[in-house]
Structure formats: C-alpha cells, structure tokens
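Asker: Before we start, here is the structure in question, set down as structure tokens.
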There are 2 protein chains.
Amino acid sequence: MVNKKENGPLGKQSIYYANAPGLVSWASIAGKKEGEGPLGGYFDQVIEDAAFGQDTWEEGESEFMEQACKTALKKANLQPNDMRYLYGGDLLGQLIATTFAVKDMDIPFFGIYGACSTVGEALSMASMTLAGGYADYVLATASSHFGGAEKTFRFPLEYANQRPVSSTWTVTGSGAFVLSATKGDIIIRGITTGKIVDYGVKDSLNMGACMAPAAASTIYQHLQDFSATPEDYDRIFTGDLGKVGQEILLNLLEENGYDIQKQHRDCGIEIFDPDTQNTGCGGSGCGCSAITLAGYITKQMLEGNWKRVLFVPTGALLSTVSYNEGQPIPGIAHAILFELR
Amino acid sequence: MVNKKENGPLGKQSIYYANAPGLVSWASIAGKKEGEGPLGGYFDQVIEDAAFGQDTWEEGESEFMEQACKTALKKANLQPNDMRYLYGGDLLGQLIATTFAVKDMDIPFFGIYGACSTVGEALSMASMTLAGGYADYVLATASSHFGGAEKTFRFPLEYANQRPVSSTWTVTGSGAFVLSATKGDIIIRGITTGKIVDYGVKDSLNMGACMAPAAASTIYQHLQDFSATPEDYDRIFTGDLGKVGQEILLNLLEENGYDIQKQHRDCGIEIFDPDTQNTGCGGSGCGCSAITLAGYITKQMLEGNWKRVLFVPTGALLSTVSYNEGQPIPGIAHAILFELR
C-alpha cells in the first residue's frame, strides 16, 4: 500500500491525499421500505410518507435531500454559509430534486450527474476542492426516490408492471456529508475516478450487468495505482450492482488477478432483504450508496470494526430516450478510499 | 483589481490563480443556422445536417461534441490519454449527449449539469483541478441541440408552436477546450462560482428573466471579490440572457452600484441576427456560450483586441416535470476570468 508525503496524482487514475480531508458529519434520511430493511436502524430518520408531506414525488425527494443536508450541518454545528461549495446531484432529468432541495441554502453550487455513482462524484470533487486549498468546508449530497425514478425511467407505478429477478429497487432517501480540509475521524486518503465503460448491454432491467464492468475497471485501477491488494482493505463496497452484478464483478476481477470475494459488499445487496421485501436483485439509485455510507459504513468505521474501506458507487448511464433509441447502457464507477485518522 | 502571489480562495465566492492554468486549444462545431449567423465565420466547422449523419438528434448532438473534443485535441497535438480528466455536460435528461460523445475516449470522467451554464461549470472545475496540482491536462466540453432541446423541454417540432418574442433559440453546437496547468496564451486568472437564485419566475418561454438575477448576483460578487470595477474588463459576456434578460441584468447591477452597459455583451444576442433569423430574444443552450467562447471570444483575445474578459455562462434550472408541477425556474451563473498571459 502506497504511503506518500504529499498530495498529488497517483498512478493512472487516482489522487493521493497525504493531508487528507475528512468527514466532519453526515446524515441519512431514508424512506419507509429502506427503514424496514436490514440497515433500518442505522438511518437518522425514516420517513413513512413517500412524498414527505409534499404534493409530488419530486418535491418529496427534494425534501429528503434538504433534510439530509440540514441534519448533517446541525450535527457539525455549522451553518449553510460556513460551506464554501455544495456538490450535489440526483437521477431526475436536469437534477430538479437537487435544485429545489438546495436552492435556498445560498451556497455556491456545482450540479453533478453520475447516475447512481453521484455520491462518489460529489465526494471526489469535494475532496479535491478541500485538499486543493480552496475551502475549509464543503457539503456533498445525493438522493434518489423510488416513485420519481420509476416515473422517469420505467413505467407509471399504477401500471404495476412485473419485474424480472435481475431488476433492482430504487432507494428512496438522501445522504449528505460535511467535509473539512483538516477535521474528521474518517478521512479520504485518495480517490480513483472512473472512465465510462460500455460492454454493449442493453437491458435496463439488469443494470447490475451494465455497471459491473465499470466497477471492475475502477477497482482494478485503484489497486494498481495504490500498489494495494484486496487484503489491505477491510471492506470494498460497490454501490448498487445487486446479486447479478456482483457475480460479474467478482469474475472480472478474478480474471485480472484479484480475488475480492472476502472484502466485497454491495450497498444494494445490504439495504434490502429480497426474501421479505420483493426487491429483486437489490437496491439501486444515488440514495442507495449515499445512505448506506452515511448510515451503516461510517458507523462501522467509527466503532473501529473497519479501518480502511474502499467505497465505489456505481452508475448506469442511460435515459429513456437513449434506451428507446437503441443505445446501450454504459456504466461508470468512482472509488473513494476511506481510512480512520 | 486584486493581484496576489498565491492560488487560493478570494472573497466570498471566488478563487484566484496566481499560477494560472491556461487554454491550450479549443474547437467549436456549429449547426447550419449558427453558421449563417453573425459569428458564422468564427467556427471551426459548420455542419449542415442537424443529425450530423446519425439517426437521431440526440446521437447527432453526441457527434457535435465528439467532433469538438477531437478537433481541440488535434489542434493541441495531444491524444485523449494525455487528458487526466474530462468535464462535460449537456441539457438532455441524464446527460446522454455527453455520455455517448465521450464514452470511447477512455478518459476519467466527471459528468456535470448547470443547464446552459455548463461550460462555465466545466471550466471552473477544470481550472481547480489543474491549479490544485492534480493534472497536467484536462478536457472541458458542453453541447446543446435545437431539436433535442425542443423535444426535451417544449413541443415536438412537428407541432410548429408559435414562439413569443421573449423566447430564445437553442443553439446546435458544441465547444471543447484543452486546458493545461502551465501552458496557453489565454489564462484563467480566477473563477466565481454561482449560487442558485430564484426570483419565482415561472415562464419557460422567458428564460432570460429567470437567469438575469443569477447573472447579476455572480457578476456583483465577482467584482466585489476581485476588488474590481467594470472598467477593469474589456468585455463582460453573459451566456444566453437575450435582450429581455440583458435589460434586467443591467438594471439589477445598476441598482447595486455597477454600470456594465459599456462592457456587457451576451453570447445569445451575438450569435443570431433576430431580424433575419427569427430567433426571438437570442440564442440559448450550453452550446451557445461554449461555441461563442471557442469561436469568437478566444479569437478576439488572441488578436489582442481584448486583454481581460469576464465570461459568465447562465443556466435556467428547470425540467418539464418541475415546470408542469408548478415549480419556478431558478437560475445559476458561473464566472470565469480570462486574461492574456
């Protein structure tokens, strides 16, 4: 495992932070179904009403994100105007969940889109901003919503379409993170930024298969860049590959000389119980990895159970337009290397 | 005008680069109507076929962006794998124009969305990445397409709806920029990152009015942060306010003590001739400011006509979903301060 004295680029696709920025606080606001799942006890709040008291799913999703941001700020005893930048995104067209969640916080804003990898993109940019000396504090957030995502990408809920076993269930929820240039017990030691990987898969109800090659590419390059082996990590978490995607990921990495079977977990597999919750292959959406990180992973790290975790949210880059026009579904994955300070 | 020895945050919303990154090369690929406009002679290529030889507008838009990236790389005599990062975005849901434009370039990719301000967001992040010591070269790009945007945001073209005079015409085209940490005759001396500004305007056919308050906010804060007056700039270019938005911008800034009437230009006003081209209030879309910068502004700077230009692309943050659900249209604007080295 690499150990350097200075911040800077590392290997082909990574950055190493010797003076590592850290997570000061975080919050997870989850939907009802997520609250009933195996990780339910880890979330800051579970909201029974999918619309969160609003008129529409989209406004409801904004409410989840706004609440996550406010809760994270409150835990850090900081105000929105202490944040120099806000990095945020979601799955809806033109990022409307994020726009209407954060517009009144009055923080310089960068909207980002990495499909379900968005929280990884937000944390990557946040860490680059802090370690680059541009800010003391920044806020990073991502959200998704089952109702809004089904309406955007698939069928009206009222149509009650059947779902193949390979399909995933979009998580309703939002995670938010306050990051500091110098503080925090959980630090970001480095990042590995993903390339778009397109294996030509065209099945929008099997997104695990679309994203697994991207996850394999990013994890492989991360291990190379950091001169690391899977044994250096307590856990390697992908975002939302689900069971089908997990199998492909493990095979692809094994073919390339890395066996991560012992370390690998997938937020999408952890977050629901498929036997009782009818969630197919697992959870998905920007919120899936965001609330699993903010609820579950950070807690395991703070309790000292895991000292080094590679967090690799995964995104499937499609829209209904590109999909219906016959385009494939490429994937992308961004890795964040968390360590206990 | 501020003059500092070190890179770092400046004032409330800005960054100052003492060691400024620069534009090494750039390219503008424009549509037929843009080629027939007043700036037509400045573009690298004018493509007569709106679908750029593809089956759909969306695939055509990807082709514009891919061509812009390849042309910029070729001018710099660099390959895609010389680029450490690629920052790019467009107006379509889930950034599909960008995804399918750049997916085969094999460059670590950050997808971004700032509506029509996207090229400003891309250049902001690119400059932060370079000045932060994370890369030698990065690529920044943005695109829009009249057909794709009308289909996404308004009516099917076949419906031939009437357009009020306040409406703008989405530019078909893409601009791409190769940036270096140390090279280039046109440098980025600083950036001012915008906040979302919501005046409650709900008219999607008057986007100038939605965006003008955001442009005013960013320009005001830029002048404050840089201890500058409008006279310090040869030009202050907004993205796509059009004539209605320009009037609002000038009034808002005058109320706050700045008269920028002499310096102000708007890419949307410059790019079309409303008398002969039936383009309403002016051009709009991510491509509008991107190709005006890559075609016209950079050329004026290189010829020595302008030494310092503030470039402020403006974005209207809406989707058909948020709009039809009764939400207002907030705006955002990101400022890039260009100087001759």
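Asker: Below 10 angstrom from the Cβ of B:Lys32, what's the summed charge of the other residues (Lys, Arg +1; Asp, Glu -1)?
Answerer: -3
Asker: Note down the net charge around A:Cys281, summing +1 for each Lys or Arg and -1 for each Asp or Glu among other residues with Cβ under 10 Å from its Cβ.
Answerer: Local net charge: 0.
Asker: Over every pair of different alpha-carbon atoms in segment B:90-204, take the mean of 1/r and invert it; report that Kirkwood radius in Å.
Answerer: By the Kirkwood definition, the hydrodynamic radius is 16.4 Å.
Asker: Counting Lys and Arg as +1 and Asp and Glu as -1, each charge on the Cβ, what is the dipole of segment B:19-180 about the Cα centre in debye, to the nearest 20?
Answerer: Working: 10 positive and 19 negative charges, 83 e Å.
Computed charge dipole of segment B:19-180: roughly 400 debye.
Asker: To continue, here is another question. State the Cα centre-to-centre distance between segment A:282-324 and segment B:258-320 in whole Å.
Answerer: Value for the Cα centre distance between the two parts: 40 Å.
Asker: Over the alpha-carbon set of segment B:154-269, divide Rg by the Kirkwood Rh and report the Rg/Rh ratio to two decimals.
Answerer: Values: Rg = 16.5 Å, Rh = 16.1 Å.
Here Rg/Rh amounts to 1.02.
Asker: What is the packing order of peptides B:323-329, A:56-62, taking the mean over residues of other C-beta atoms within 10 Å and listing the highest first? List each step's numbers first, then the result.
Answerer: Values: B:323-329: 17.1, A:56-62: 25.0.
Top to bottom by mean Cβ count within 10 Å: A:56-62, B:323-329.
Asker: Based on the alpha carbons, how large is the Rg to Rh ratio for segment A:20-180 when Rh follows Kirkwood?
Answerer: Across segment A:20-180, the Cα-based Rg/Rh ratio is 0.98.
Asker: Peptide B:49-58: average number of partner chain Cβ atoms within 10 Å per residue? Please report the intermediate quantities before stating the final value.
Answerer: Details: counts 0, 0, 0, 0, 0, 1, 2, 6, 2, 5.
If you average over the peptide's residues, the count of other-chain Cβ atoms is 2.
Asker: Now for a different question. 5 Å is the cut-off here: which amide hydrogens, built 1.01 Å from N in the peptide plane, fall below it relative to A:Arg265, excluding neighbours closer than 5 in sequence?
Answerer: So A:Arg265 has HN proximity to A:Ile236, A:Phe237, A:Thr238.
Asker: Using alpha carbons only, how many angstrom separate the centre of segment B:206-224 from the centre of segment A:104-144?
Answerer: Cα centroid of segment B:206-224 versus Cα centroid of segment A:104-144: 22 Å apart.
Asker: Roughly how crowded by other chains is peptide A:318-328, in terms of the mean Cβ count from those chains within 10 Å of each of its Cβ atoms?
Answerer: Partner-chain Cβ atoms within 10 Å, mean over residues of A:318-328: 6.
Asker: Which net charge results for the neighbourhood of A:Gly194, defined as the other residues with beta-carbon distances under 14 angstrom from its beta-carbon, given Lys and Arg at +1 and Asp and Glu at -1?
Answerer: Within the 14 Å Cβ shell, the charges total 0.
Asker: For segment B:262-335, max minus min Cα coordinate along each principal axis, in Å, sorted largest first?
Answerer: 49, 31, 23
Asker: What whole number of Å gives the distance from the Cα centroid of segment B:176-198 to the Cα centroid of segment A:25-78?
Answerer: 35
Asker: Okay, next question. Return the loop-located trypsin sites (Lys or Arg not before Pro) in segment A:285-340 (DSSP other than H, G, I, E, B) with at most 16 other Cβ atoms within 10 Å of their own Cβ; answer none if there are none.
Answerer: On the way: sites: A:Lys299, A:Lys307, A:Arg308; in loops: A:Lys307.
Sparse-neighbourhood loop trypsin sites (Lys or Arg not before Pro): A:Lys307.
Asker: Same structure, new question: Taking only Cα atoms and a 10 Å spring cutoff, compute GNM fluctuations for chain B and point out the largest among B:Leu95, B:Leu310, B:Leu73.
Answerer: Of B:Leu95, B:Leu310, B:Leu73, the Gaussian network model singles out B:Leu95 as fluctuating most.
Asker: Where the eigenvalues come from the Cα gyration tensor of the protein assembly as shown, what are the semi-axes √(5λ) of the equivalent ellipsoid, largest first, in whole Å?
Answerer: 37, 27, 24
Asker: Next question. In sequence order, what are the phi-derived ³J(HN,Hα) couplings for segment B:195-206 according to the Karplus relation 6.51 cos²θ - 1.76 cosθ + 1.60 with θ = phi - 60°, rounded to whole Hz, with x for glycine and proline?
Answerer: 9, 6, 10, 10, 8, x, 5, 10, 9, 6, 9, 9
Asker: Do any GluC sites (Glu not before Pro) in segment A:13-56 lie in a DSSP loop with no more than 15 other beta carbon atoms within 10 Å, and if so, which?
Answerer: A:Glu48
Asker: Over the Cα atoms of chain A, what Rg and Dmax result, in angstrom?
Answerer: For chain A, the Cα radius of gyration and maximum Cα-Cα distance read 18.2, 57 Å.
Since every read-out is calculated from the coordinates, none of them should be taken as a lab result. Note that the structure is predicted; figures quoted are calculated from it, not measured. All Cβ positions, even for glycine, are placed from backbone atoms using ideal geometry, and neighbour counts span all protein chains on display.
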